[in-house]
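Undergrad: One structure, as C-alpha cells, below. Some questions next.
The values are calculated or read from the model by the stated rules, or taken from the named source; none is laboratory data. Just so you know, these numbers come straight off a predicted model, no measurement behind them. Every residue, glycine as well, gets a Cβ built from its backbone with ideal geometry; the counts of neighbours run over all protein chains shown.
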Amino acid sequence: MTELSLKKTPLNEVHRRMGARMVEFGGWEMPVQYGGGTIEEHMRVRTRAGLFDVSHMGEIEVRGPDAIAFINRLTSNNVAKLVDGQAQYSTLTTPQGTVVDDLLVYRLAADHLMLVVNAATTDKDWHWIQQHKTDEKVELRNASDDFCQLAIQGPAALDVLQKLTKTALDEIKRYHFRAGEVGGVASLISRTGYTGEDGFEIYAPPDKAEHLWEQLLEAGRYGAPDGLLPCGLGARNTLRLEAAMPLYGHEIDETTTLLEAGLEWICKFDKGDFIGREALLKQKQEGVRRRLIGFEMIERGIARDGQEIVIDGQRCGRATSAGPAPYLKKNIGLGYVPVEHASEGRRIHIDVRGRLLAAQIVPTPFYKRPRR
C-alpha cells in the first residue's frame, strides 16, 4: 500500500509537525512514536497522562426498535443489560465461536446503539453486520467519518480533562459515558481506554480534532517534565500488553474462540441465542484444548510476536504478542499452549532466533493499576 493510498486521521499534519514517526497500520498512516520514544511515552501514561489519536477506529450506528435484540444476536456479551449511558466490551462471533472482531457497544438510547470497532476490520465488520440483518427493524450506518476520537489515559487524566469540561468526570463510572462539551466542542465523553489505566475517550466532530488536541495539550502542560505527552501506537501496544488486553489479529481472530482466549466473562450463555453460542457451549462442555497464557522471560532475552513456544522439547505454540514491559522492567508475552501445559509456574522456552530461552507461565494481567 502506497503512502498516497493510506487513510489519514484529521490530526495527520499535526503529528507530522510534532515530529512523529509515521507508519502504516491497518490501512492508516499513524504515529508510532514521537521524539522522546515509546518508553518515555509508556512511562508518562503509567505515572501521569498521555494523549492518543485513535480517530482511525470505526463507528457503526444501529437505530430502531430492534437495535438491542439485533446486536445481542450478533455479539457475545449481553446488550440487554446495558442502560443509557453505559458501554460494554464484547465481540462479534462466528458460528464456530471464533472472533470476527472485538468492540465496544455503547447504549445511547433503547433504540440507538453505537459500535466502536477496530480500524483494520471496520469494513469487514460493516459487511458482516449488514449480511446478518434479517427482518429486524433497524437502520445501520457506518458513521466512521463523523468522528474523531482522542484518548487521554493515566492517573492524571481526569484532572487534565476536567479543566476543559463542566461535566463532572468523577461521576462517570468505568465503562459509562456522557454527552458534554470539551473545550467548547460538543462531545461524547467515555470512561474507557486500552492502556490498563484510568482515562477517557472523547468522540467529537473531525473538524474539531486539532482544536481539541491543542486544548488538551495546553491543559496538560505539554512540555513540562510531568506534563501531558502525545503518544503513538508503540506505547499503546506496550501498555495494553502489560495489562494483558487482547489485540485483534494477535490474541483473537477467526481461528481463536472466546473460551480459548480466556474471554468467557463476555460470553453470556444465559441471554439466549447468539451467533456461535452452540459451538461455544459444546467447547465449554468438552473443554478447551489450548489456552492463552502469559509468560515472563527468566533468561536474558526478549521474546517477540510469532516466536515458537517449546515445552518439554515439543514446539507446541507461538507467542501472539511479546516484548519488553517498560514499567515492569521485565520481558513478557502472551501465547497459546495446550491446556495440559497451561498451569501457572510452569517452565517453558521461547525460540528467540534459534536460541531456546527459559520463561515461566505467570498470572495475567502482568500489570494492574493501583487503586488511587
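Undergrad: Could you tell me whether any residue of segment 323-331 is under 14 Å from Glu296 (Cβ atoms), surrounded by 14 or more Cβ atoms within 10 Å (Cβ to Cβ), more than 27 Å from the chain's Cα centre (by Cα) and touching a residue at least 40 places away in the same chain (Cβ under 8 Å)?
TA: No.
Undergrad: OK, next. Do any strands (runs of 3 or more DSSP E) entirely within segment 33-139 hold 3 or more residues that are closer than 22 Å to Gly272 by Cβ and at pLDDT 95 or above, and if so, which?
TA: Per the criteria, 86-93, 99-109, 112-117.
Undergrad: Scan (1) within 22 Å of the chain's Cα centre (by Cα); (2) part of a loop (DSSP other than H, G, I, E, B); (3) under 24 Å from Leu51 (Cα atoms) for the single condition Asp226 breaks and write down its number.
TA: Of the numbered conditions (1) within 22 Å of the chain's Cα centre (by Cα); (2) part of a loop (DSSP other than H, G, I, E, B); (3) under 24 Å from Leu51 (Cα atoms), the odd one out for Asp226 is (1).
Undergrad: Could you list, ordered by first residue, the pairs with Cβ atoms under 9 Å in which the first is in segment 44-63 and of a type in the set (Phe, Trp, Tyr) and the second is part of a loop (DSSP other than H, G, I, E, B), at least 6 apart or interchain?
TA: Phe52/Gly193; Phe52/Tyr194; Phe52/Thr195; Phe52/Gly232
Undergrad: Let me ask something else. Kindly indicate whether Glu181 is touching a strand residue (DSSP E or B) at 6+ places or on another chain (Cβ under 9 Å) and free of Cβ contacts under 8 Å to residues at least 60 places away in the same chain.
TA: yes
Undergrad: Please count how many residues of segment 229-259 are more than 20 Å from Gly37 (Cβ to Cβ) and not in a loop (DSSP other than H, G, I, E, B).
TA: Summing the residues that are more than 20 Å from Gly37 (Cβ to Cβ) and not in a loop (DSSP other than H, G, I, E, B) in segment 229-259 gives 3.
Undergrad: Residues to consider are Arg318, Arg304, Arg290; find the one that is buried (at least 18 other Cβ atoms within 10 Å of the Cβ), farther than 19 Å from Lys368 by Cβ, at pLDDT 95 or above and not β-branched (Val, Ile, Thr).
TA: Of the residues listed, the single one that is buried (at least 18 other Cβ atoms within 10 Å of the Cβ), farther than 19 Å from Lys368 by Cβ, at pLDDT 95 or above and not β-branched (Val, Ile, Thr) is Arg290.
Undergrad: Cβ-Cβ distance below 7 Å, separation of 6 or more or different chains: which pairs start in segment 208-228 with a residue that is over 16 Å from Val182 (Cα atoms) and end on one that is of a type in the set (A, V, I, L, M)?
TA: Taking only residues 6 or more apart or on different chains, the pairs are Arg221/Leu228; Tyr222/Leu228; Leu228/Ala49; Leu228/Leu51; Leu228/Val160; Leu228/Leu216; Leu228/Leu217.
For every residue, the table says whether it meets (1) over 17 Å from the mean Cα position of the chain (by Cα); (2) crowded, with 23+ Cβ neighbours inside 10 Å.
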{"residue": "Val79", "(1), (2)": "yes, yes"}
{"residue": "Leu82", "(1), (2)": "yes, no"}
{"residue": "Gln88", "(1), (2)": "no, no"}
{"residue": "Leu92", "(1), (2)": "no, yes"}
{"residue": "Tyr106", "(1), (2)": "no, yes"}
{"residue": "Asp111", "(1), (2)": "yes, no"}
{"residue": "Thr121", "(1), (2)": "no, no"}
{"residue": "His132", "(1), (2)": "yes, no"}
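Undergrad: Going by the structure shown, is Glu344 in contact with a Pro (Cβ under 6 Å, 6 or more places away or on another chain), surrounded by fewer than 21 Cβ atoms within 10 Å (Cβ to Cβ) and outside any strand (DSSP E or B)?
TA: yes
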